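Shown next, in structure tokens, is the structure this report addresses.
The values are calculated or read from the model by the stated rules, or taken from the named source; none is laboratory data. All values derive from a computational prediction rather than experimental measurement. Quick reminder, even Gly has a Cβ in these numbers, built from the backbone with ideal geometry, and neighbours come from all protein chains shown.
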Amino acid sequence: MSHTIRSSREIALISVCDPTERRGLEKVSKQGREKKGARDQKKNANLNAQVHPKVPRMLPARRCRTNGFDSDHYRYKPLSQRTIRLIVIHPSRGSDQPLSCHLNIVHFDSAPSYEALSYRWDKQDGGVLWCCGKPLKIRLNLMNALNRLRLPDAQRLIWADAVCINQSDRGEITDQMKIMGEIYNKATRVLVWLGEDTTDEAELALDRIRSISNGIPPPGNLSWWGPVEAFYSLDWFSRLWVFQEIAMATSAEMLWGAASISWETVGLASTSIRTLHCGKMARNPESGMLHAYLFHKWSINRNDSRRESFLYILQVTRKLNCEKPKDRIYALLGFHTVDIDATDKDCFLQPNTKCRTLSVYRKVARHALKRTQTLDVLSAVQHQSSVRRPTWVPRWNISTGYTLAPLGSKVQKFTASECLPAHSIKWKGRWGGVLRVSGIEFDIIVEVADVIPGLERPGEQTAALVEVIAKMRSKTIPYPTGEPLEKVGCWTLTAGKDWYGMIDSG
């Protein structure tokens with residue numbers, strides 16, 4: 001390979017990417033220095049000494065060329081339609097070595113085998129990934145994950161959104177979001193990074209989860225559940241974006257520090273805990289375990305989404321967290337429901353980072369009203385202390401309580417208005433901001449109060465429930481259906497709903 005030497009600076013920068021080519025370049029540059037004199041020779045030698053030791057050894061320059069030699073950070077090349085980037089993590093036998101890689105651009109439909117990373121985005125900076133000899137700033141949690149995945153003697157192909165998507169390019173973010181579900185579904189395996197094991201509980205916790213998964217009854221003492229509680233309390237289980245990532249996975253492995261466990265094992269254990277051992281984890285409000293159960297249920301019944309509405313998925317995921325309010329919609333577009341297929345270019349709802357949050361929410365609400373010709377979407381409306389208009393649009397980033405109205409394909413028998421004519425649904429006002437419907441007035445709400453006082457304090461909540469159930473059991477008159485009065489009372493208190501706000505079939 002021939003090279004044209006333009007400056008000593010170019011020699012130093014090319015040497016970053018290819019030590020074998022560096023030796024050839026040094027040979028050529030040495031001849032030039034002999035002609036130019038001792039002063040230039042000393043200058044070039046000093047420059048090489050300053051640059052080379054500070055950056056990791058990289059792959060050949062032809063695979064790592066950037067947009068110019070004067071750049072001090074990595075610059076992305078643009079992606080074309082249905083192409084993605086894959087991280088090629090360079091091997092290292094020492095954990096103290098700088099984390100280095102290069103990025104390959106491939107067409108998604110013909111991409112080589114790769115693994116996809118699912119992790120919690122954090123706000124802690126300080127991570128650096130050396131990409132083609134150029135520093136790329138990343139979050140610390142992601143750097144820890146990539147270090148954990150680095151092999152000692154072989155390269156590894158990984159897809160991780162924060163690196164494989166140019167976070168400064170809104171257009172690219174929008175395009176990649178459209179195929180996010182496909183990316184995780186096509187991966188040979190999804191690797192879930194739960195974080196570092198800072199409390200040294202990972203091995204013990206995962207052993208006990210395996211035990212529960214194998215059907216071994218746990219002991220009765222509450223202290224046994226401590227490591228299991230720590231596992232389900234990890235932030236990954238509370239994040240909305242990871243729902244799509246794990247539900248689309250054909251195979252998945254969970255990594256907590258140096259320990260690991262299969263996702264199938266965790267899913268089976270979560271199902272067992274929810275069914276047989278619910279309430280035994282004293283410190284944890286069990287939300288992590290219930291989210292894990294939800295994730296597992298959808299991962300093994302992935303095609304169920306095609307029988308449900310997008311409104312249903314929005315409702316069951318309302319307790320999951322995400323940073324940007326618009327992402328409550330965009331994070332779920334990987335699911336093909338009966339009414340939305342985001343991969344269809346003509347779909348009414350396409351990811352758009354420039355679109356206002358309220359505009360996105362309004363589109364979803366109008367679509368639900370038009371398609372179902374019911375007012376089910378109004379049951380999802382929740383307001384905080386200040387009510388914002390339009391009042392008929394659910395703010396999915398607000399979750400202050402449960403809805404009484406049922407949603408989903410399994411609850412048609414609860415539709416009291418099924419035989420009535422379809423609602424007359426119209427919009428008026430500026431941008432269709434006013435919803436106009438016709439209906440039958442059958443009662444008037446005269447007072448609104450909390451369902452049960454003390455919901456913020458679990459102890460007071462339990463005491464209030466015990467008091468209510470005790471009063472029910474003191475009644476001697478049976479319920480007309482013959483069912484136990486305490487069961488009828490519990491169903492009344494919960495409106496027949498499970499933890500996700502859906503009708504409980506049990």
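Between Asn104, Asn166, the distinction of being touching a strand residue (DSSP E or B) at 6+ places or on another chain (Cβ under 9 Å) and in a strand (DSSP E or B) belongs to Asn104 only.
Being in contact (Cβ under 8 Å) with a residue 24 or more places away in the chain, assigned to a helix (DSSP H, G or I) and surrounded by fewer than 19 Cβ atoms within 10 Å (Cβ to Cβ) is a description that applies to Thr271. Take Lys297 and decide whether it is among the charged types (D, E, K, R) and in a loop (DSSP other than H, G, I, E, B). The answer is no for Lys297. Restricting attention to the stretch 469-484 and to residues that are at pLDDT below 75 and among the aliphatic types (A, V, I, L, M), the residue that is farthest from Lys319 (Cα to Cα) turns out to be Ile477.
Of everything listed in (1) modelled with pLDDT of 95 or more; (2) out of contact with any helix residue (DSSP H, G or I) (no Cβ under 6 Å at 6 or more places or on another chain), the single unmet condition for Ile246 is (2).
Filtered by the rule that a residue be more than 21 Å from Tyr184 (Cα to Cα) and touching a Ser or Thr at 6+ places or on another chain (Cβ under 9 Å), the stretch 108-146 gives Leu129, Trp130, Cys131, Cys132, Gly133, Lys134.
For residues in the stretch 245-260 being out of contact with any Phe, Trp or Tyr (no Cβ under 7 Å at 6 or more places or on another chain) and within 26 Å of Glu182 (Cβ to Cβ), which is surrounded by the most Cβ atoms within 10 Å (Cβ to Cβ)? Filtering the stretch 245-260 for residues that are out of contact with any Phe, Trp or Tyr (no Cβ under 7 Å at 6 or more places or on another chain) and within 26 Å of Glu182 (Cβ to Cβ), the one surrounded by the most Cβ atoms within 10 Å (Cβ to Cβ) comes out as Ser260.
Determine if the stretch 348-356 includes at least one residue that is among the aliphatic types (A, V, I, L, M) and not in a loop (DSSP other than H, G, I, E, B). So far as the stretch 348-356 goes, no, none of its residues is among the aliphatic types (A, V, I, L, M) and not in a loop (DSSP other than H, G, I, E, B). Using the structure shown, decide if Asp207 is of a type in the set (Asp, Glu) and at pLDDT 95 or above. Yes: the conditions hold for Asp207.
Taken over the stretch 351-379, residues that are in contact with a Lys or Arg (Cβ under 7 Å, 6 or more places away or on another chain), touching a residue at least 40 places away in the same chain (Cβ under 8 Å) and not β-branched (Val, Ile, Thr) amount to 2.
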